[in-house]
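K.L.:
Here's a structure for you.
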Amino acid sequence: MKAVVLAAGEGSRMRPLTYTRPKVVLPIANKPILEHLLTEVTQAGIREFILVVGYRDEQVRRYFGDGARWGVKIDYCLQRRQLGTADALRMVESQLKGNFLVINGDIVAGWQDIGRLASRSDNTISITPVDDARGMGVVETDGDRVVRIYEKMAQPPSRTANAGLYLLTTDIFDAVSRTERSPRGEYEITDSLQLMIDMDYNIGYQPISHWLDLSYPWDLLSANESLLAGLKPENLGKVEENVIIKGTVVIGENTVVRSGSYLVGPVVIGAGCDIGPNCYIRPATAIGDGCRIGAAVEIKNSIIMKNCKVPHHNYIGDSVIGEDCNLGSGTKIANLRLDKKDIIVAGIASQRRKLGAILGDGVETGINASINVGTIIGNNAFIGPGAVASGVIAPNSRIF
């Protein structure tokens, strides 16, 4: 059986993090989203993959190659124009025989659920209950069948979400050929499946127990916390005397953790990092390769991407920091409103009581800069000494 992974889109709701990379390579627990998914699918016994790529596809190809590093075979299909999931499926029809899996590349599901799905014989949609289905695909069921599929409605009639993971037969391709553009201007698998339902095909469903949906930048934090919980401790670097390590901590090759540092897992630190002295790294933190975390720095429940410098007297809480950022001494990122209410980001309810900032790549701050809760800062912006950043700041901005 083959797995078709849909990985062509930018993921515009993840901006500014996706200005320079496709959504599927955003890091969680120091590995791309797509690598976590690939690992789970492989554990379910699938060894052949077709990755449908498009936006900045060279990054996906360069990282995953032919799949040999994971013991699998990966072929690629280039979707030059992202015209939807059904269009992507149409492009790979000639490479598929018999039943196959189709998976959105920006989710993570458990291998047990994937294995059960792969063993089914009829067209099947994976589903999961959600508290808030606004902006998501949802389904209505009757008995053991799906009777209606709805896509991204403001007031969805169901709280049963389409999990973006399907077992399909080759019957789908006739429906794909009949599928028209959706109101969003795309050809969508869900419309193809609805056509099959309308033609009295049996479309089944399977509840799944483990599912990480990643729509907005702050969703990365919840996923990071979940995936770090499964870490096993490992130290491939150098830990000096008088370092305190509690819980599960992973330290990469050629990383130095200097005296006086206090690390509380789960924490993962990449290769070639310089940590400390006298810093405090708290649970659910992932620090990418080549980072400098210095004296009197506190980091909590955050993702710090590659080659960032957080060198002295900084606080980062519940934040996502893009690559090559440099925070001046004394820069603080707030993560809790004074009234303790959930944080709104660019008019969107994050449903998080604690949320710091989302920084794109190459952001720099001067000494004693302050960044307010829920702030989004675009790539290569500069926040000057003593400045206060708040709201949405465009790429290449200068704030003084």
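The values are calculated or read from the model by the stated rules, or taken from the named source; none is laboratory data. Computed from a predicted model, the values in this text were never measured in an experiment. As a convention, Cβ positions derive from the backbone with ideal geometry for all residues, glycine included, and neighbour counts pool all protein chains shown.
K.L.:
In the stretch 182-222, what residues are of a type in the set (D, E, K, R) and in contact (Cβ under 8 Å) with a residue 12 or more places away in the chain?
P.N.:
Arg184, Glu186, Glu188, Asp191, Asp213
K.L.:
Can you list the strands (runs of 3 or more DSSP E) lying wholly within the stretch 32-123 that have 2 or more residues being closer than 25 Å to Leu220 by Cα?
P.N.:
Of the strands (runs of 3 or more DSSP E) lying wholly inside the stretch 32-123, those with at least 2 residues that are closer than 25 Å to Leu220 by Cα span 48-53, 100-104, 107-109.
K.L.:
Within the stretch 164-182, can you find the residues that are crowded, with 22+ Cβ neighbours inside 10 Å and touching a Gly at 6+ places or on another chain (Cβ under 9 Å)?
P.N.:
Gly164, Leu167, Thr179
K.L.:
Please go through the stretch 62-110 and pick out each residue that is surrounded by fewer than 18 Cβ atoms within 10 Å (Cβ to Cβ), within 14 Å of Ser126 (Cβ to Cβ) and at pLDDT 95 or above.
P.N.:
none
K.L.:
Picking from Asp122, Asp113, Asp131, which residue would you name as being loosely packed, with under 14 Cβ neighbours inside 10 Å and not basic (Lys, Arg)?
P.N.:
On inspection, the qualifying residue turns out to be Asp131.
K.L.:
Separate question: Kindly indicate the residue of the stretch 164-175 that is in a helix (DSSP H, G or I) and farther than 27 Å from Val130 by Cβ and also nearest to the chain's Cα centre (by Cα) among those meeting that condition.
P.N.:
Looking at the filtered set, the residue picked out is Phe173.
K.L.:
Looking at (1) crowded, with 22+ Cβ neighbours inside 10 Å; (2) more than 17 Å from Gln112 (Cα to Cα), can you tell me which one Thr20 breaks?
P.N.:
(1)
K.L.:
Can you confirm whether Arg159 is assigned by TED's automatic domain parsing to the domain that holds Leu195, surrounded by fewer than 20 Cβ atoms within 10 Å (Cβ to Cβ) and modelled with pLDDT under 85?
P.N.:
Considered against the rule, which asks whether it is assigned by TED's automatic domain parsing to the domain that holds Leu195, surrounded by fewer than 20 Cβ atoms within 10 Å (Cβ to Cβ) and modelled with pLDDT under 85, Arg159 comes out as yes.
K.L.:
Would the stretch 181-188 turn up any residue that is in the same structural domain as Ser94 (by TED's automatic domain parsing), modelled with pLDDT of 90 or more and not basic (Lys, Arg)?
P.N.:
Yes: the stretch 181-188 contains one or more residues that are in the same structural domain as Ser94 (by TED's automatic domain parsing), modelled with pLDDT of 90 or more and not basic (Lys, Arg).
K.L.:
With in contact with a His (Cβ under 7 Å, 6 or more places away or on another chain) and at pLDDT 95 or above as the only criterion, which of Ile28, Ile50, Ile33 stands out?
P.N.:
Sole residue among the options that is in contact with a His (Cβ under 7 Å, 6 or more places away or on another chain) and at pLDDT 95 or above: Ile28.
K.L.:
Within the stretch 345-400, which residues are surrounded by 17 or more Cβ atoms within 10 Å (Cβ to Cβ), assigned to a loop (DSSP other than H, G, I, E, B) and under 19 Å from the mean Cα position of the chain (by Cα)?
P.N.:
Ser350, Arg352, Leu355, Gly356, Gly360, Asp361, Gly374, Gly378, Asn379
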